[in-house]
Amino acid sequence: MLIKRPDDIKSSEITPESVYLNRRKFIGKGVAIGAVAAAGVAVPWALRSQPGSDAGESMGSQDELTSFEHVSTYNNFYEFGTRKSDPAENAHTLRPRPWAVRVDGEVAKPGDYDLDDLLHGVTMEDRIYRMRCVEAWSMVIPWVGFPLSTLINRFEPTSKARYVEFETLYDVEQMPGQRRAVLPWPYVEGLRMDEAMHPLAIFATGLYGRDLPNQNGAPFRLVVPWKYGFKGIKSIVRIRFTETQPRNTWQVSAPNEYGFYANVNPEVDHPRWSQAKERRIPGLFRNTPTLMFNGYADQVGHLYEGMDLRRNF
Ligand code: MTE
């Protein structure tokens, strides 16, 4: 599926939620992946069963998709308010097109790019990922996106680029929540280069087959499924390649509670609560055991070999 400009997309091309739910049933039963692929439908693959993988073993009723309704009305996007319902109510002021992205730092091709130019020719994929928030709730979301590496390679980072930093739009007209100093603005996040180049790390431009709702981070945001949700910075306007480790917003705001790595780890508690179990939205109880690296340990564990994950939280 190639990216199209929003105004090119006919409503008939938007995948209804029921189709995703049916695809999910196929995958859940472990059958017909080939048949789905043969029919020309993109296969949601990130939760696919793999021999010995946590993701595969944990598949079951707890990995049913979270409904579009819940994914788009229970949000964290402090630029539009701090209550979970605020972003859906307030994010209509965000204008996701036209959208400029500044690329700078340790890179051979810096510049101010138009997002649609960047996305031209990029192949979009459907990917179902678990999202685990540091507040101990979680969702299972069918994203539309593409690996970070697709864009990063085009910018040609230099040999000095060890980290990549992302920045959200700062514009109090479009993001009225920035009038209050609840966080240092603009929102900043970062990844080590090898994390950013991992194929599971994606830029998402949509979910449930449609463009990202503003409250979910339109027009594009980061999704790093083995990390806590706060790494998933929304509405990105700047991508900067650096030699030194970026200081991410939550780390600046509460350094004893939030680190740079933020890998999902049931054994390392948040100072104020346990991280061993999660509440799968819309459930009311925290009764789903949290998996190491959110269930993606087989795919990403090697990135952290030899590191003390209690110190590097
Ligand atoms: N990005 C920006 N710019 N501002 C934010 O407040 N919140 C983060 C992350 N990205 C946030 C952000 C947090 S804490 C989480 S859990 C996820 O977005 C929530 O993503 P969702 O609302 O799409 O579920």
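Of the residues contained in the range 232-242, none is found to be of a type in the set (A, V, I, L, M, F, W, C) and free of Cβ contacts under 8 Å to residues at least 12 places away in the same chain. Among the conditions (1) among the acidic types (Asp, Glu); (2) crowded, with 16+ Cβ neighbours inside 10 Å; (3) more than 9 Å from the ligand (Cβ to nearest atom); (4) in contact (Cβ under 8 Å) with a residue 40 or more places away in the chain, GLU173 misses just one, which is (2). Residue count for the range 265-292, restricted to those that are surrounded by 18 or more Cβ atoms within 10 Å (Cβ to Cβ) and of a type outside the set (A, V, I, L, M, F, W, C): 6.
On the basis of being within 15 Å of the ligand (Cβ to nearest atom), closer than 23 Å to ALA161 by Cβ and crowded, with 22+ Cβ neighbours inside 10 Å, does LEU212 make the cut?
So LEU212 fails the test.
Of all residue pairs spaced 6 or more apart or on separate chains, those with beta-carbon atoms under 8 Å, a first member in the range 77-100 that is without any contact (Cβ under 8 Å) to a residue 60 or more places away in the chain and a second member that is open to solvent by less than 10 Å² (accessible area, probe 1.4 Å) and more than 12 Å from the ligand (Cβ to nearest atom) are PRO98/LEU115. The set of residues from the range 242-261 being open to solvent by less than 40 Å² (accessible area, probe 1.4 Å) and either more than 17 Å from ARG221 (Cα to Cα) or in contact with a Leu (Cβ under 9 Å, 6 or more places away or on another chain) (or both) comprises THR242, PRO246, THR249, GLN251, ALA254, GLU257, TYR258, GLY259, PHE260, TYR261. Flag set for ASP116, criterion: among the acidic types (Asp, Glu), open to solvent by 10 Å² or more (accessible area, probe 1.4 Å), more than 16 Å from the ligand (Cβ to nearest atom) and not in a strand (DSSP E or B). Only residues that are in a strand (DSSP E or B) and either within 14 Å of the ligand (Cβ to nearest atom) or surrounded by fewer than 21 Cβ atoms within 10 Å (Cβ to Cβ) (or both) were counted across the range 119-143, and they come to 13. If I filter the range 302-313 for residues that are closer than 27 Å to ARG154 by Cα, open to solvent by 60 Å² or more (accessible area, probe 1.4 Å) and either modelled with pLDDT under 95 or not aromatic (Phe, Trp, Tyr) (or both), do I get at least one hit? The answer is yes; a qualifying residue exists. Considering only the range 289-306, how many residues are assigned to a loop (DSSP other than H, G, I, E, B) and free of Cβ contacts under 8 Å to residues at least 12 places away in the same chain? So the count comes out to 2. Candidates in the range 185-232 are the residues that are of a type in the set (Val, Ile, Thr) and within 11 Å of the chain's Cα centre (by Cα); of these, the one that is nearest to ASN312 (Cα to Cα) is VAL224. Listed here are the strands (runs of 3 or more DSSP E) enclosed by the range 181-252 that have at least 2 residues being closer than 21 Å to GLU125 by Cβ: 202-207, 221-223, 236-242.
Taken across the range 53-66, residues that are within 13 Å of the ligand (Cβ to nearest atom), among the hydrophobic types (A, V, I, L, M, F, W, C), more than 23 Å from ARG192 (Cβ to Cβ) and crowded, with 18+ Cβ neighbours inside 10 Å do not occur at all.
For GLY206, the requirement of being closer than 18 Å to VAL71 by Cβ and within 16 Å of the ligand (Cβ to nearest atom) is met. Scanning the range 101-113 for residues that are loosely packed, with under 13 Cβ neighbours inside 10 Å and either under 17 Å from THR168 (Cβ atoms) or within 16 Å of the ligand (Cβ to nearest atom) (or both) gives a single hit, ASP112.
The values are calculated or read from the model by the stated rules, or taken from the named source; none is laboratory data. Remember, it's a predicted structure, so these values are computed and weren't measured experimentally. Using ideal geometry, Cβ is built from the backbone for each residue, glycine included, and neighbour counts are taken over all protein chains shown. Areas reflect the complete protein model, heavy atoms only, side chains present, ligands, DNA and RNA absent. Shrake-Rupley method; radii C 1.70, N 1.55, O 1.52, S 1.80 Å.
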